Structures are given as C-alpha cells and as structure tokens.
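Quick notes on the structure that follows.
The values are calculated or read from the model by the stated rules, or taken from the named source; none is laboratory data. Only a predicted model underlies this, so the values are computations on that prediction, with no experimental measurement involved. Here the Cβ is made from the backbone with ideal geometry for all residues, glycine too, and neighbour counts use every protein chain on show.
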Amino acid sequence: MNQKPGDDAQSSLRQCSSSVNCGKMSYKSPFQFFSCNSFNPQAESFEPMSVLVASLQQIEQVPCSFNTFRSKALVPAWLSRTVGLPTNRKPLWPVPPPLWRWTGNAKPGPSQRRRRRLAYAKFVLLQRIVCFLNWVTLGYPDRPPQEAQAREPWTDAQYKVLEVLQEHIDHFCSQPTFSQTDLGRFGEKFAALGKSLQELPQHVEVDLGDLLHEIKLSFDAYARFEEPHFKNSESHHDEHAQCSHIPAQMAVKDLGHKTVVASRIKWKHPPTFDPRPYLLDPVVKAVFNEPDALRLPASLWPSKSRARVHCSRPELLKLMKIWDAHGSLALFPHDAVDRHETVGIFAVPKDSEFDRLIINPIVLNSRMMPYSSYTKRLAPGALLSLLSLKPHEAFRFCADDLSDFYYTFQVPRARAKRNCIGTLVYPSEVKDLNCFDATVPGPYYPALATLAMGDGHAVEIAQGSHHALLQLEAGSMLDSETLEYRKPIPRSTFVELLAIDDHIGVQKLPMAEIHRQPVLRDTHVFQSAQRAYKKVGLVAHPGKARRNETQGTILGADFDGIKGRVSAPRSRMLLLVWMTSLIVKVGTCTRQILSSILGCWIHVILFRRPLLALVDALFKEGLNRKPLEVFCLSSHARHELISLCLLGPCAQADLRVAFHDRLFSLDASPYGGAIVSAETTESLVSELWRHSEQRGYHKPFGSSRGNPSRTWHRCSRPARTNKPDNS
C-alpha cells in the first residue's frame, strides 16, 4: 500500500499519544539512549544525531524559566474526570506536549537500537519545540496551565500542528554523516569558533530562575503593552558590573581575516575575458575604463587610515610570481601612486584547502561614489523559498560556477593602478618577472592587473557583464524568467538566478517525468551558456557543474525538488545549534563571537522570515563592550539564543503548501491588533503571492514629520497554509 506524505509523522505521534504509562524514561533520564560524550567538535566527521542531542543536553542544563516550565508541562495532568473526545472549540495554542513511548521490540538489536535513538532524538526536539511555543504564547510563565500539560486531549487542528512540526523535524534530521570538508568555508569558521567557545569562562553565579516571570496582561487586546522585566538592560548591567572573567578577553583566530599564504590562493586561469562589450550600463562602462569617473570632490573625502597588508614579504613575492606567470601583475613606480590610496590585502576561507584573496581599498572606496544597478539583481538562495509546487510537480536544477571569475577579467591599466598594494618592492626583487621594465626606475608598487574582490565597483562590473553575456549570447536571463528581489515571482516553469559567478536554473516538470530527463528550457539555456563562456574566454568549473539534479546546495540553500523543501544547509545549521547552545550554557560571550553567530543565524531564518521576530536583544547585546571583551549575557539574550536553537530547525520553506482560498489583512501595533479576511480563490491568492513584497515595507499615514503619534500601516504577504483554516 502506498504511503501518503506525513504517514511517518502521524504514526510517530500516535505512538506518543497512545501511551498510558509513560514510564521513567520521560522524566528522569531524557537522554538515556545517548552517551554524554558522543559528540566531539574536533572530530573529522560528525553524526547528525550526536550533534543534535549534545545541543539539547546543553540547553537542558541551563537553570532558566523555560526549563522550569517545560519540566512541569511534561507532567501528565491526571484528572478525576473521564477524558472525552477532542473538541475543536479549544484555541489552537497552547498545544499539549506529546509523551514518548517505544512500541517496538523490548530487546532491540543493533539496527533497531539505532532506529530507536533516531526516533527518540527527533521526538525530544518536537517536545521541546512544542513546550517553547506554548511558553511564548502564554507569556513566559513558570507554571503551565492545565491545557498546556501532557495527556490533555488534542483537537484536530492541534494534531495538524504536531504533524507539520514533525515533518519539519524529519526533514531536518534526514541527513547522512558529514565531515568538515563538506562544510566548505563554514568548516574553518566552525573550527575557530568552536575552539574559542570551549575556552569561554562559565558564569556559574547566574540565576536564571528569575529569567522570565509571567507577564500579567489584561485579556483586552487593546490594553497597553507592558514590556517584560527581562528587557531592563540597566538592571542587568548593574548586577554584573563587578563580574570578572578569566580570560578577560577572547579573540577568535582568523575569524574576520587571515594572513595571505600564496600556496592557499587558487589561481589557474589568466585574464582572457574582455567585459566591455557586455557592460550595457554607460555608468558602469565608464567607471570600468576610468575608475576616477565616480571620484567624489576632495571636500567630501572622509578621513580614513590606509589598510594593512596581511602578508609577509616572502609570501607577497611568491604571490607576485604566480600573478606574473598568468599575466595578472603590473608594476607602478612609487612616485606615480598616491601612497595613502594603496590597498591592503587579506584572505578569507574558501574551503579546507584554499583561501580567497581580498584587497582592502578602504581609502579609495570612501572617495568614490557608490553605484548599484545590476548589484540589486543578485539572487540569494533564500529566494527559492518563494516558489511553489503542486502535488504532481517537482523541481530539478542546473548550475554553473565560473572558475576564477574575477581573475579572468582583462582590465585597463588605470583600473590595475587602483589595486596597488601598499608594500614597495625593489628592482632586485622583481627583475626576473615578465612584467618588469628596466627602463622604469623603482621602487614599485605591485598591482593586481585584473578585477579584484574588495573593489567597491567590482560586484557591479562582474554581475552586469555576466548578466548581459547570458542575455546576448545565450538568450537567457529574461525578465519573465529571472528570480530577483523586489520583482514578481515569474509565472514560467523555468526560473533563473544569477549571483556573480553562479548561474542557477530551476525547472518545474511533472513528477513522472523526472527520471526520463526530458529536454526542456533549462537544457537549452545551459547548453547555450556553455557555448557563450567558451566564446568569450570564461571557464565554467567542470567539477561544480550540475545538470538535472533534484537535491543539493545552491546559492547557500539546501534544495530538495522532490520533497519541495528549502532551507539553509542542514549540516551547518546543526553545528550552529551546538555552538549557540554552548553559549547559552556558559552564559558569557564576546561581541566578536556573538556577531559572527548572529550573522549565521540571520542567513538561516531568511528561509522563514517571521522567525526574525525571535531576535531583538541580541542586536544590542554588548554594544558598550570592546569587541574581544568577555561579558555576561543578559537573561533576555540567553532566552533568544534558546529560541534560535529550538526553532531554527523549523526554518524551512515547504514549497508544496497550498494557497489559501481566503485573503487575510493584518494590522498590528504595540497597543493592539486586528485581522480581517475575505473569501476569494486560490488562483487570486497565488497571484497576490507572486507580487508579494519580499523584503517588507511600510507606509506612513496621518501627519508628516514632527508628529510622534502617527501610525504605520504594515502590508503583509498573502498566506500559503496547510489547511484546515484554523491551523
């Protein structure tokens, strides 16, 4: 018999809900199936369930109000009355948390034990998510009401909520063992952050029993909003002003930048691409040929210090030899260059073997007028969450990644001069180089004679020329097929995304046709793109080319065209959850570490944008501290970190969710809220969704400036929902 989607989730939930005697395992030993030391952050490979369980264990050890609420909520509400059938008259939230029960073999074998551990880890995560959402819904109380305790009956709508959450968790946990090399550039970042986090001093005196007391509000929806007590940052600062930590400062090695090592800079191809025929914007074409075209008047130049060259002299000479061998080096006499406008260089991780070279023209960039046209068409992977699938449809994708894209640009000498590195070299050091001219007296400033990462106009030049090349030579990147910010989602079955050197095409087709690999629009586009690259001297990386695939990571998005799920890469998300839970446990952090962790989380929750509401205090935490100073986290910040750990795995977009047949309009403020709906059709709602604003906007009403009491009308997107309506 064929299984319907969600059958596994329903079966799991029925097992949990059918328990009459939940036994000791539910309370006394919530992680009895797992070893406390099963996760080693220094290991070469990671087992996903070990990472997840280690994260939940760390959150479990935090003495906070949520854990108090959760432990009480899991105690069954044993009542003297007879429990009747569920009634649909109850509000959707709170949802009674499920209890665990294993109905399999009482003496399982090795494979059954592995399945039980997996099922139990997913169940514990589901239980914690439900308890957390109940806790937030009820106003952060320490004691749950009866309707938020286990063993209370579920309504049909509440059962549907649990099914949806279970499906999210199943997808999040359905990943194989992965290694640090699978993490790409995040692998080195995780290694550096993980090592530093384990050295953070633990603030053992923090008592989070008073973390979040019950917010007592009137049931009047228009009662004035009362901020909870944990938002008082002044009292937190006073209470922890005398706290001292050993170490008092913590620096994460190479988190922001690395010293350049020539052997780690990948450089395979010479400059062979002339972008000028494909610079259709006259401003971009002018600034490419003459960078001073957008130079600001001297009176508007800000005061900036020259950037540092993060490269030793021997390594710089090695790097120059590599550039010279590929025709990418130029030498400029020292008296022809403004020393203050020379650039610094540093490296950032690319993967476990190579780094990216970045120039730092902080002075020059500040003296140039910014310009953005094609830059606004950059397509992040989070935009894929706006697509939709019907039950009989699926997605496949094709992808190309241009190798050494910036380094294959041929640039005029005026632009090469803009890349002069702030380290003088002498004729005796460069006399053997091909670009050396003995008739020009030294010393010299070495310059990168191609397009440079870090140049303020480089992204505009690269994105614009690649976009126009595909339009003119491959007949693609049509307005009706491109997925971009602030533009309607294309109606076509084929959509394209372009992000500098990454070209992605997503094709919708019937599920039954997936294995036949029919020749469709995506096939023609990528065949034409390959011919165009060869014509102009660009090189598509053969190892990164993807054709007719249904699952993979594209533009920083974990994409599954069969399931219809889009999220941040789940392996990186798992390790991010572990690092965040470790910060919650120790209760201390630095601004540098917190900014890095929070930046990673922003990328994750862009795939489920309403989760941005989870973050408030974290944006302000430690602003009065030095970047490397260790400080105590506020109760509110630790609460928000817990929320990210528990709800982050649900930051997924389900592309198979149907469009609603009602249209909703929402108005909300700190003082009240209202929601109205009207009957319509799914086709109308889908069209409104296609035109939805992806980045949010607001429109002022009432008087103009100077009136502090004016109101704001927020426009929201039409809803896609899993029916029934009340869920």
Quiz item: Here are some conditions: (1) modelled with pLDDT of 80 or more; (2) assigned to a helix (DSSP H, G or I). Val95 meets all but one. Which one does it not meet?
Solution: (2)
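Check every one of the strands (runs of 3 or more DSSP E) wholly within the stretch 258-363 and list those with 2 or more residues that are more than 35 Å from the chain's Cα centre (by Cα).
Result: 329-333.
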Practice problem: For residues that are touching a Ser or Thr at 6+ places or on another chain (Cβ under 8 Å), among the β-branched types (Val, Ile, Thr) and within 29 Å of Gln463 (Cβ to Cβ), scanning just the stretch 538-593, find the one that is surrounded by the fewest Cβ atoms within 10 Å (Cβ to Cβ). | Solution: Val539
Quiz item: Could we say that Gly187 is closer than 30 Å to Gln42 by Cβ, at pLDDT below 90 and small (Gly, Ala, Ser) here?
Solution: yes
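Yes/no per residue for (1) within 19 Å of Trp578 (Cβ to Cβ); (2) surrounded by fewer than 19 Cβ atoms within 10 Å (Cβ to Cβ); (3) hydrophobic (A, V, I, L, M, F, W, C); (4) without any contact (Cβ under 8 Å) to a residue 24 or more places away in the chain:
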| residue | (1), (2), (3), (4) |
| --- | --- |
| Ala106 | no, yes, yes, yes |
| Arg113 | no, yes, no, no |
| Leu118 | yes, yes, yes, no |
| Thr137 | no, yes, no, no |
| Arg143 | no, yes, no, no |
| Glu147 | no, yes, no, no |
| Pro153 | no, yes, no, no |
| Ile169 | yes, no, yes, no |
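I'd like to know if the stretch 509-527 contains one or more residues that are outside any strand (DSSP E or B) and in contact with a helix residue (DSSP H, G or I) (Cβ under 7 Å, 6 or more places away or on another chain). Don't jump to the end; show me each part of the working.
If we filter the stretch 509-527 for residues that are outside any strand (DSSP E or B), which is where we start, we get 511-527.
From what's left, in contact with a helix residue (DSSP H, G or I) (Cβ under 7 Å, 6 or more places away or on another chain): 525.
So far as the stretch 509-527 goes, yes, one or more of its residues are outside any strand (DSSP E or B) and in contact with a helix residue (DSSP H, G or I) (Cβ under 7 Å, 6 or more places away or on another chain).
Name the residue, out of Leu280, Leu319, that is among the hydrophobic types (A, V, I, L, M, F, W, C) and out of contact with any Gly (no Cβ under 8 Å at 6 or more places or on another chain).
Going through Leu280, Leu319 in turn, the sole match is Leu319.
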Quiz prompt | Residue among Ser263, Ser328, Ser303, Ser312 that is over 16 Å from Leu357 (Cβ atoms), of a type in the set (Ser, Thr, Tyr) and either out of contact with any Lys or Arg (no Cβ under 6 Å at 6 or more places or on another chain) or not assigned by TED's automatic domain parsing to the domain that holds His466 (or both) | solution = Ser303
Quiz item: Does Gly622 satisfy being over 19 Å from Trp578 (Cα atoms) and buried (at least 20 other Cβ atoms within 10 Å of the Cβ)?
Solution: yes
Quiz item: Quick check: is even one residue across the stretch 443-460 buried (at least 18 other Cβ atoms within 10 Å of the Cβ), touching a residue at least 60 places away in the same chain (Cβ under 8 Å) and under 30 Å from Thr523 (Cα atoms)?
Solution: yes
Quiz item: Out of (1) buried (at least 21 other Cβ atoms within 10 Å of the Cβ); (2) assigned to a loop (DSSP other than H, G, I, E, B), what's the single condition that is false for Pro488?
Solution: (1)
Quiz item: Do we have any residue at all in the stretch 356-366 that's crowded, with 20+ Cβ neighbours inside 10 Å, basic (Lys, Arg) and in the same structural domain as Arg531 (by TED's automatic domain parsing)?
Solution: no
Quiz item: Among the residues of the stretch 300-310, is any in contact with a Phe, Trp or Tyr (Cβ under 7 Å, 6 or more places away or on another chain) and touching a residue at least 40 places away in the same chain (Cβ under 8 Å)?
Solution: yes
Exercise. Restricting attention to the stretch 594-635, report how many residues are in a helix (DSSP H, G or I), farther than 21 Å from Pro569 by Cα and touching a Ser or Thr at 6+ places or on another chain (Cβ under 8 Å).
Key: 2
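Scan the stretch 543-552 and tell me whether some residue there is over 26 Å from Arg608 (Cα atoms) and in a loop (DSSP other than H, G, I, E, B).
Pass one, the stretch 543-552, residues over 26 Å from Arg608 (Cα atoms): 543-548.
Next cut, in a loop (DSSP other than H, G, I, E, B) only: 545.
Scanning the stretch 543-552, I find at least one residue that is over 26 Å from Arg608 (Cα atoms) and in a loop (DSSP other than H, G, I, E, B), so the answer is yes.
From Lys268, Lys258, Lys253, which residue is surrounded by 14 or more Cβ atoms within 10 Å (Cβ to Cβ) and either modelled with pLDDT of 95 or more or basic (Lys, Arg) (or both)?
Details: Lys268 fails: surrounded by 14 or more Cβ atoms within 10 Å (Cβ to Cβ); Lys253 fails: surrounded by 14 or more Cβ atoms within 10 Å (Cβ to Cβ).
After applying the criteria, what remains is Lys258.
Checking the conditions here, which among Leu451, Leu469, Leu478 is over 12 Å from Leu378 (Cα atoms) and either outside the structural domain of Cys311 (by TED's automatic domain parsing) or not in a loop (DSSP other than H, G, I, E, B) (or both)? Steps first, please.
Numbers: Leu451 fails: either outside the structural domain of Cys311 (by TED's automatic domain parsing) or not in a loop (DSSP other than H, G, I, E, B) (or both); Leu478 fails: either outside the structural domain of Cys311 (by TED's automatic domain parsing) or not in a loop (DSSP other than H, G, I, E, B) (or both).
Answer to the selection: Leu469.
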Quiz item: If Glu429 satisfies every condition in (1) of a type outside the set (A, V, I, L, M); (2) under 19 Å from Ala262 (Cα atoms); (3) not in a helix (DSSP H, G or I) but one, which is the exception?
Solution: (3)
Quiz item: Which number in (1) out of contact with any helix residue (DSSP H, G or I) (no Cβ under 6 Å at 6 or more places or on another chain); (2) not in a helix (DSSP H, G or I) marks the one condition that Asp142 misses?
Solution: (1)
